[in-house]
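A.B. asks: Below: one structure in C-alpha cells.
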Amino acid sequence: MDLDALKANLKKDFQEIVSQDELNKLKVKYLGKKGRITELSKNIKNLPSEERPILGKKIGELRSLYEDLLNSVQEKIELHIVNESLEKDRIDVTLPGSFKSQGKLHPLTITTKKITDFFSSKGYLIEDGPEIESDYYNFDALNIPKDHPARDMHDTFYLDNGNLLRTHTSPVQIRSIEKRGAPLKIICPGKVYRSDADKTHTPMFHQVEGLVIDENINFGHLKNEIMTFIDFFFGLDTKVRFRPSYFPFTEPSAEVDIMEKKSKNWLEIMGCGLVHPNVIEMSGLDSKKFSGFAFGMGIERMAKLSYEIDDMRSLFSNDIKFLSQ
Amino acid sequence: MKVLYSNITKAIKAKPKIENLCDDLTLIGIEVDEIKSFQGDKIIDFDLTPNRGDCFSVKGLARDYCAYKDKKFSSATKSSFKGEKKFNKKINLFAKDACSAYSAVSISNLKLIKKFPDHIKKTLKAAGIQSIHPLVDIVNFVMLESGQPMHVFDQDKIEGDIEVRFAKTKEQIKILGEKNLKLTKDCLVIADEKEPIAFAGISGGLNHSVSKKTQNFLIESAFFLPSIIKGKARRYGFQTDASQRFERGVDFNLHEDALKEALSIIREIYQADISNVETIKNKYFPRKKLINISMEDVNLKLGTDLKENTIKSILNRLEIKFMKKNKNNLTFEVPSHRFDLSIKEDLIEEVARIIGYDNLPQIKNNSINQHYEKSDYDFINQIKTFMTNKGFNEVINYSFLDRQVLENLGIENKSIAIKNPLNNSLSVLRTSLLPSLATNLEFNINRGQNFLSIFEMGKSFSNDTHMEEINLAGLIYDDEKFKNWNTNQNYDFYYLKGILENFFAEFRIEKIFWKKSQNDLLHPYASADIYLKNKLIGSVGSINPRFIKSLGLNKAFLYFEIKVESLPLNDLGKLIAPSIYPISQRDFSFEIDNKVSFEQIENCIHISSKNFLISTKIFDVYDGKNISDGKKSIAFRVSWGSSKKTLSEEEINKEANLIISGMQKKLGAILR
C-alpha cells in the first residue's frame, strides 16, 4: 500500500470518530501489533539500506500526524462526554427558588426613616425621649400652663402614677436643650398619644419633631429648611403655603400646607415656628443670645400621602397582607 | 365657631366670593373647617386657635380681615342709649381684678310691638344656639356679633343687692341644664344676698334664670379676667359659649357698649321700661398694654429689611397704636381686644401675618457646630432591617390594651393604668409585647393565614425605676400543610435560637448564655432564658400551652422577647489576622446519658483538650435504633490549629485521646 493512501485513510478515519471506543479501535488499527504503521516499520529492515532513511522519515511523519490527529480528537471526545452528562442535570429554571421569606419594614418605619435620613444628612442629631412624660415637660416647660385653653387641643391620657402619655414629641426639645445645651440641631421621631379615635385619628400615632437653636436664627431659616424638605419628600413641583397658626411654644407660629396634586386641595402637613423665648428660658438658655426654630409633623399623614392610604387605621390593623406588600 | 357668610359680608361692607373670603382668612391664621349651605345662605365653621379670643365674633373676624386687606373698619356702632328709670340695685365688686367692671340694666313691662326679627333667629340657629327667651336670644345675638357674652336674670328672684365674689366654702350652684356644681374657693360667682346666682363668665344659675313667666329682667354684661375663667368649666366637664369667650379674653372696653347695643335692639321690638345702664368699675380695671420693640428685633427675627414706616402702618391697621420712639425703641399700645399680644415676638408675628408668611424671604441655614454620636435610633433601625432579612414582617401595635389580657397571662404586676382610657380594651400600658403579637396572630389566622412571622420593636411599661423599655419581640406560627416544593424548614425552638444567635453575632454581642427558662409564659421544657453575662435580657421558646386558649388561639407558636436597651452598642473592635497554618479536624461519636446537655459536653471538651482547640461543631444528635434506653448518640467535629506552626499527627492524636478519656471519665461517655 502506498504511503499517501495510508495518510488519506488515517485522516478520514479520525474524522469519523466520536467516542473513546472508536478511538481505541483506531489505535489498534494503526499502532497495534499488526497495525498499519507498525507493519510498515517492520518492513524497513527488508529494504535496501539507501531507501531505509527515506521510508523511516516518512513513517516518522505518519506517526506525528497520528499524534496530532489523536490530540485534537481527544478534546472533541471529552467535550462530547461532558455535554452528554450535562444533559442529565437538566432542571426547570422556571420553578420557584428554595423558600426564604423576606420580611418588610412597617410603612411608618419606612416613612420615618425617609424623613430622619433627610435631616440626618443635613447635620441633625437623632434624639428620643420617654413616652411617659411629666406634666412639666409635656406642658409647663412648653409654655402651656395649667388651665391654658391650648390644653384642650391635646386630649391627654393621664396615668395612675401621676404622669401622662406625651401628647407630642415637643418635650424632647426641652430635654435635649437641658442635656446638650446650644447650639443644637436635633430631629426626634416617636410615638405620641391623644385620647381621640375616628377615621383620621388613632389614639396612638407618630410624630417627628425638629429643633434648631443657635444665635440669630430667623423665620427665613425655618422657611428654607421646610421648603428643602418638602422638595425632597413630595417633589420639586409641589405647591406650598405657610399660614399663621398658634402653638404656645412658638412665636411666630405657622402651619404648612401642600397642594394635593390630584384634588388641588390644600393639605396641612406640619406645624412650625420660631421657638418662644419663654421656652428657651425655661430650658436654661438665654433668650437674648439664642433663638431657634422648631417644626413637627405627623408621620401617619406623611405615610398616607406617600402610600396613598385611605384609612389611617389600616396602619395599625397589622394585616400581613397589607404589611408584606 | 359657626358664622353666617351674610353676617360677615355685612360687617366688612363688601361682598367677596366665599372662597376668596375663606382663603384670605386662612392666610391670616383663621382656619376654615367647613362650609355648609343654610337657608339660602352659607354657614362657615371656623376653627379658631385659642389665642385669638378677639376673633370669636363676626365683628372680630371682620376687623382682622379688614386689617389684612387694608380696608377701613369701624368697630363699634356706639348707641347712645338712655334709660327712663333708675337702676335700683347696688353692685359690689369684691373680687379685685377677677371682675373689675360690671354693667347691669333692669327691664320691665315688656310688650312686643314688632315682629321678632327673622335674621336674629337665623343667626342663632346657624350658630347652634337654642332659642330660649326673646331677651336671651337678643343678648346671644349681640354676643355672636360683638363677642361680649351677657346674661339675663329673673330680677324678682334676686334678693337684695348684687355682689361679684369668689365662692365660699361648700357653696353650690345649680346651673342651666340641671347640673349641681360644688364650687371651690377659686370659682368666681355672681351672688345676691343669699346665694350664688351665676357661675361668673360661665353659666347662669337655674334658680334665677328667666322663664315665660318672668316679669322683670336684669341683664348683666361684665369683664371677667381670662385667667380666672380658664379651665373652670372644663374642670366640671362642660363648656359654654360664654366660658369659651371669657377664657380667651373678651375686649375689656366692650361690656357697656355691647349691653347698649342689645338694649337698642330690644327698644326696636318692644315697648318696655328700661333703667339706666349701671356700670361699676374698680381700681383693678386693666389698662392697655405697651410693648417696646426695635426695628432690629423685627428684621432679625424675620430675616427681612423692613422700614419703620411699613411696620408702623401694618400695626396701625391692626389698631396697635404707635405711641413714642426712644432711640431705637418703638413703643406700641395693644388694643383692648388683643389678649394674646404681650411680648415683642407677638408683634413680630402680627407684622409677619399681615405681610403674609409666603411673602417672607427664605434664607439658607448655617451649619451648626455640635457633637455627634452614634444614636440608639440607628441601632434600632439596624435591628429592624436584620429582622426583615430573617423573614419577619414588622408590626406596630398600640401601647395600651385590656387589663384583663395581662391578668389572664399573669403579667399585670406593676402595670401602669390609664386614668381616662378611651375604652376598657385600651385601659392599661402593656408590660410585654406578647399580647400584642398574639392578637396580630389571631387576626391574621382569622383572615386565612397559615403561616406568620412577625416582629415588633416597641416599649413595654411598668412601675419601676425605668418606667419604659424598648423591647424586640418576634413570633413565628406555622400551620402550613403545603410547604414550598423545595423547602422543608422546621420552625422549632432551634430555628428561633439560630436567628437570635445570628442577631447577637451581627451586633457583636458576646457573653450570651442560654438557660432553661423560668418564664411562666413559655413552655417549661422547651424554652430558654437569655443572659448577657449574668443579666437576664429575654426569653425564647414556644408559648406555654396553658395560655393558648386565653390568647384566643388553638395552636402553639414560637416567641421571643429581648430587652434591647440592655444590649451594648458595640462598634467593630480590633480585627485579628487569621492563622496561615492549616486547621486539623477529627470527628467523634459518643454514646452518652440522655440528660447530659450539649453545654456540659462542650465544657468537657474545652477542659480536656487545652492546647490548640479552636472549635467544636455538633453535627448529629440521635437516640433511636441501636442506642440503649436513656442514652443518645452525639457526634461532633473538633478543630485544632496554631498561629505558629502546622500541628503534627502526634500532637493531634494526643489532644483527641485527651477528649476521649475526658468524656469517659467526666460524663461516662463511650466512644462509638
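A.B. asks: Over what distance in Å are the Cα centres of the range A:218-267 and the range A:123-200 separated?
C.D. replies: Going from one Cα centre to the other spans 22 Å.
A.B. asks: Could you tell me the center-to-center distance, by alpha carbons, between the range B:374-388 and the range B:227-302 in angstrom?
C.D. replies: If you average the Cα positions of each part, the centres end up 55 Å apart.
A.B. asks: Between B:Asn420 and B:Leu572, what is 0.36 nm times their sequence separation minus the Cα-Cα distance? Round to one decimal in nm.
C.D. replies: Length gained, B:Asn420 through B:Leu572: 50.0 nm.
A.B. asks: Still on this structure, please answer the following. State the extension gain, in nm to one decimal, for the chain segment bounded by B:Lys281 and B:Asp464, taking 0.36 nm per residue of separation less the distance between their alpha-carbons.
C.D. replies: Length difference between fully extended and current span is 60.3 nm.
A.B. asks: Another question, then. Would you work out which of B:Ile634, B:Phe612, B:Gln664 lies farthest towards the positive end of the dipole of the range B:584-671? Charges go on Cβ: Lys and Arg +1, Asp and Glu -1.
C.D. replies: About the Cα centre, the residue reaching furthest to the positive side is B:Phe612.
A.B. asks: In the structure displayed, which of B:Lys288/B:Lys325; A:Lys185/B:Lys374; B:Lys82/B:Lys111; B:Lys168/B:Lys194; B:Lys419/B:Lys535 lie more than 22 Å apart, Cα to Cα?
C.D. replies: Beyond 22 Å between Cα atoms: B:Lys419/B:Lys535.
A.B. asks: Moving to a separate point now. Mind checking A:130-140 for the average number of partner chain beta-carbons within 10 Å of each residue's beta-carbon?
C.D. replies: Mean inter-chain Cβ contacts per residue within 10 Å come to 2.
A.B. asks: If you don't mind, there's one more thing I want to ask. Got a sec? Charge dipole of the range B:1-153, +1 on Cβ for Lys and Arg, -1 for Asp and Glu; which of B:Tyr65, B:Ile91, B:Ile129 is way out at the positive end?
C.D. replies: With unit charges placed on the Cβ atoms, the residue in question is B:Ile91.
A.B. asks: List the pairs from B:Lys69/B:Lys260; A:Lys113/A:Lys261; B:Lys170/B:Lys230; A:Lys288/B:Lys59 whose alpha-carbon separation is above 27 Å, in the order I gave them.
C.D. replies: Long pairs (Cα-Cα over 27 Å): B:Lys69/B:Lys260; A:Lys288/B:Lys59.
A.B. asks: So, one more: Testing the spin-label approximation: label points 7 Å from Cα along Cα→Cβ at B:Glu651 and A:Val82. State their distance in nm.
C.D. replies: The modelled label-to-label distance comes out at 4.0 nm.
A.B. asks: So, one more: Over the range B:433-542, calculate the relative contact order: mean separation of alpha carbon pairs under 8 Å at least 6 apart, over the residue count, as a percent.
C.D. replies: Once divided by the residue count of the range B:433-542, the mean separation gives 17 percent.
A.B. asks: For the residue pair B:Glu308 and A:Leu267, what label-to-label distance in nm results when each label sits 7 Å from Cα along the Cα-to-beta-carbon direction?
C.D. replies: Going from the B:Glu308 label point to the A:Leu267 one covers 4.8 nm.
A.B. asks: With the cut-off at 24 Å, report for the range A:189-322 the share of all Cα pairs above it, as a whole percent.
C.D. replies: The answer is 38 percent, as a whole percent.
A.B. asks: Taking chain A as the reference, fit the longest principal axis to its C-alpha atoms, fit the long axis of helix A:107-121 to the helix C-alpha atoms, and give the angle between the two in degrees, 0 to 90, nearest 10.
C.D. replies: 80
A.B. asks: Distance in nm between label sites at B:Asn207 and B:Asn326, each 7 Å beyond Cα in the beta-carbon direction?
C.D. replies: Rounded to a tenth, the inter-label distance reads 5.3 nm.
A.B. asks: Scan around A:Leu125 for amide H atoms under 5 Å from its own, H built in the peptide plane at 1.01 Å from N, and keep only partners 5 or more places away or cross-chain.
C.D. replies: Correct list: A:Lys185, A:Ile186, A:Ile187.
A.B. asks: Please give the FRET efficiency for A:Leu236 paired with A:Leu31, using the beta carbon to beta carbon distance and R0 = 60 Å, rounded to the nearest 0.05.
C.D. replies: After rounding, the FRET efficiency stands at 0.15.
A.B. asks: Remind me, what semi-axes does chain B give for its equivalent ellipsoid, largest first in whole Å, using sqrt of 5 times each Cα gyration tensor eigenvalue?
C.D. replies: Working through the eigenvalues yields semi-axes of 80, 32, 23 Å.
A.B. asks: Subtracting the Cα-Cα distance from 0.36 nm times the residue separation, let me have the gained length for A:Arg90 to A:Lys42 in nm, one decimal.
C.D. replies: So the extension gain works out to 12.1 nm.
A.B. asks: Please give the residues of the range A:1-40, grouped as numeric ranges, whose backbone N is less than 19 Å from a label point set 7 Å along the Cα-to-Cβ vector of A:Arg63.
C.D. replies: A:3-4, A:6-8, A:10-11, A:26-40
A.B. asks: Let me ask something else about it. Indicate, rounded to the nearest 5 percent, the antiparallel portion of the DSSP beta bridges found entirely in the range B:346-486.
C.D. replies: DSSP beta bridges in the range B:346-486 are roughly 90 percent antiparallel.
A.B. asks: Something else: Please give the FRET efficiency for B:Ser294 paired with B:Asp97, using the beta carbon to beta carbon distance and R0 = 35 Å, rounded to the nearest 0.05.
C.D. replies: Here the calculated transfer efficiency is 0.70.
A.B. asks: Ok, one more. Relative contact order for chain A: what is it in percent, counting Cα pairs under 8 Å that are at least 6 residues apart?
C.D. replies: So the answer I get is 14 percent.
A.B. asks: For the range B:469-496 and the range B:160-204, what is the separation of their C-alpha centers, rounded to whole Å?
C.D. replies: 67
A.B. asks: Could you give the angle, 0 to 90 degrees to the nearest 10, between helix A:3-16's Cα long axis and the longest principal axis of the Cα atoms of chain A?
C.D. replies: Roughly 30 degrees between the two axes.
A.B. asks: To make sure I understand, if each residue's beta carbon is the centre and we count other beta carbons within 10 Å, what order do A:Trp266, B:Trp485 fall in, fewest to most?
C.D. replies: B:Trp485, A:Trp266
A.B. asks: A further question follows. Considering only the range B:584-671, what is the antiparallel percent among its DSSP beta bridges, to the nearest 5?
C.D. replies: Rounded to the nearest five, the antiparallel share is 100 percent.
A.B. asks: Return the calculated 222 nm mean residue ellipticity for the protein assembly as shown, to the nearest 500 deg cm²/dmol, obtained by summing -39500 (n - 2.57) across DSSP H runs with n ≥ 4 and dividing by the residue count.
C.D. replies: Helices in the protein assembly as shown give a 222 nm mean residue ellipticity of -10000 deg cm²/dmol.
A.B. asks: If you count, for every residue in A:312-320, the Cβ atoms of partner chains within 10 Å of its Cβ, what is the mean?
C.D. replies: Mean partner shielding for this stretch: 5.
A.B. asks: Would you mind ranking A:His148, A:His201, B:His371, A:His221 by Cβ crowding within 10 Å, fewest neighbours first?
C.D. replies: B:His371, A:His201, A:His148, A:His221
A.B. asks: If I take R0 = 35 Å and measure r between the Cβ atoms of B:Lys121 and B:Lys69 in this structure, what FRET efficiency does the formula 1/(1 + (r/R0)^6) give, to the nearest 0.05?
C.D. replies: 0.70
A.B. asks: To test your reading of the geometry: what angle, between 0 and 90 degrees and rounded to tens, separates the Cα axis of helix A:20-31 from the longest principal axis of chain A?
C.D. replies: It is inclined by approximately 30 degrees.
A.B. asks: Another question about this same structure. Using unit Cβ charges (K, R positive; D, E negative) and no other charged atoms, how large, in debye to the nearest 20, is the dipole of the range B:283-392 about its Cα centre?
C.D. replies: Here the size comes out at about 500 debye.
A.B. asks: For the protein assembly as shown, how big is the tail of P(r) above 51 Å, as a whole percent of Cα pairs?
C.D. replies: The calculated P(r) of the protein assembly as shown puts 45 percent of pairs beyond 51 Å.
Rule-based calculations on the coordinates, nothing more; no lab input. The shown structure was predicted, so the numbers you read here are calculated from the model rather than taken from an experiment. Here Cβ is always computed from backbone atoms with ideal geometry, including for glycine, and neighbour counts include all displayed protein chains.
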